[in-house]
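Enquirer: Please see the structure below; I have some questions.
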Amino acid sequence: HTRSLCDWSSDVCSSDLMLPVKKVYIDTKYKSKDSISNSNFKYELPQTMFMPENTVFYVDDVAIPHSWTTVESFNDKLYFRVIGQAVNPTDHIISLDQQLYNGQTLATELAAKINALGYTSTVTYNASKQQISVSITAYSFKFLTDDELQSDTIAWQGTAYDKNNLQSANDLIKNSYSTSTTHNNAAPFVTYIDLQPIRNIYISSPNIGNFNTIGPRGQSSIIKKVPITANFNEMIFDQVMATNDFLDCSRQTLRTLEFRLIDVNGNEVPLHGSNWSMSLIFDQMNKNS
């Protein structure tokens, strides 16, 4: 039960009667027909609602199914440079299959993709350290970092790619240094792997709230952060935990609400058609409190 803000003052908050609605229950099953997806959708209110002065809202009763996998379309590529006897290196884009992985299956997948390029690789998984080790017979190699790929300094020799949409899997293999390191049989690529590509979901809206939050990338439209507290194929629940966890929406006129679910990098969270829900609770802050 969410306690009214008015309860925290001895004064009577008679202006509650001015609110056009106290609570809106939203479920993507009933999103508008012009919605893009369950992670980028519109919700039409039954009538236009004007929020008076000192109106605030909470995002409560969030229920999101953990339906995305380890590798999705936004993180399925590794940029792989092989260095042999030739003057110029050979560059490849490795596209990982989009699916759920554990340490061993990721090692097996990476070995298969490298071998399919015509090299002989050895990729092993150390469960006690959550690490994989990669080496290639007779060649040196490196996994290029995001910083390198977005610069003009690497003289890329492979298939063209979009610098602004790398779809990089470097976060999975923690290849986050500014400059990549060359590896070989004597010095294999050994790294900790992170199989949780999404740590938090950020619910954003361009038309509710007065843009008084700052997101991890500086954005101002985030209305709720939902930590990932459930495993794949389970439900993530999040509720109001503090009475001051509200946002101002004074003097806003609401009819068509828009929402996006994004990760820390701004990627839309792929729910694969699964529906999710939340509640918007409206209240008025006592001017005298």
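The values are calculated or read from the model by the stated rules, or taken from the named source; none is laboratory data. What you see is a predicted model, and the numbers here were worked out from it, not measured in a lab. Using ideal geometry, Cβ is built from the backbone for each residue, glycine included, and neighbour counts are taken over all protein chains shown. With ligands, DNA and RNA removed, areas are computed over all heavy atoms of the protein, side chains included. Shrake-Rupley method; radii C 1.70, N 1.55, O 1.52, S 1.80 Å.
Enquirer: Please calculate how many Å² of accessible area the chain carries per residue, with a 1.4 Å probe and no DNA, RNA or ligand atoms counted.
Expert: Working: 14870 Å² over 289 residues.
Heavy-atom accessible area per residue stands at 51 Å².
Enquirer: Run down the aspartates and glutamates and flag those whose C-alpha is under 18 Å from the C-alpha of LYS33, throwing out any fewer than 8 positions away in its chain.
Expert: Within the straight-line cut-off, LYS33 pairs with GLU44, GLU258.
Enquirer: Let me know the charge dipole size of the chain about its Cα centre in debye, to the nearest 20, where only the beta-carbon of Lys, Arg (+1) and Asp, Glu (-1) is charged.
Expert: Once rounded to the nearest 20, the dipole reads 160 debye.
Enquirer: Specify whether the C-alpha gyration tensor of segment 152-198 places it in the rounded, prolate or oblate class, a ≥ b ≥ c being the square roots of the eigenvalues: rounded for a/c under 1.5, otherwise prolate if a/b is larger than b/c and oblate if not. Working shown, then result.
Expert: Details: a/c = 2.28, a/b = 1.12, b/c = 2.03.
Oblate is the answer for segment 152-198, as a/c is 1.5 or above yet b/c matches or exceeds a/b.
Enquirer: About its Cα centre, how strong a charge dipole does segment 130-289 have in debye, to the nearest 20, once Lys and Arg get +1 and Asp and Glu get -1 at the Cβ? Walk me through the intermediate numbers first.
Expert: Working: 11 positive and 15 negative charges, 58 e Å.
Charge dipole of segment 130-289: 280 debye, to the nearest 20.
Enquirer: For the chain, with all protein chains present and a 1.4 Å probe, just round the carbon and sulfur fraction of the accessible area to a whole percent. Let's see the in-between values first.
Expert: On the way: 7120 of 14870 Å².
The computed percentage sits at 48.
Enquirer: Next up: Rank these residues by their accessible area, most exposed first, probe 1.4 Å: MET241, MET49, MET18.
Expert: Working: MET241 170, MET49 10, MET18 120 Å².
Ranked from most to least accessible, the order is MET241, MET18, MET49.
Enquirer: Right, another one. Decide, for segment 56-170, between rounded, prolate and oblate: order the square roots of the alpha carbon gyration tensor eigenvalues as a ≥ b ≥ c, take rounded if a/c falls under 1.5, and otherwise choose prolate if a/b is larger than b/c, else oblate. Don't skip to the end; give the middle numbers.
Expert: Numbers: a/c = 2.75, a/b = 1.52, b/c = 1.81.
Cα axes put segment 56-170 in the oblate bin.
Enquirer: Now for a separate question. How far, in degrees from 0 to 90, does helix 103-116 lean away from the longest principal axis of the Cα atoms of the chain, to the nearest 10?
Expert: For helix 103-116, the angle is close to 50 degrees.
Enquirer: Any lysines with Cα under 17 Å of the LYS163 Cα? List them, leaving off those in the same chain fewer than 8 positions away.
Expert: Partners within reach: LYS77.
Enquirer: Given (1) 18.9, 55; (2) 23.9, 100; (3) 24.2, 82, which label gives Rg and Dmax of the Cα atoms in Å as computed from the coordinates?
Expert: It is the value labelled (3).
Enquirer: Something else now. Taking R0 as 45 Å, what's the FRET efficiency between SER37 and THR122 from their Cβ-Cβ distance, rounded to 0.05? Numbers along the way, then the final one.
Expert: Values: r = 40 Å, r/R0 = 0.89.
So, using R0 = 45 Å, E works out to roughly 0.65.
Enquirer: Tell me the volume per residue, in Å³, of the convex hull enclosing the alpha carbons of segment 46-91. Before the final figure, lay out the partial values.
Expert: On the way: hull volume 11.4 nm³, N = 46.
Roughly 247 Å³ of hull volume per residue.
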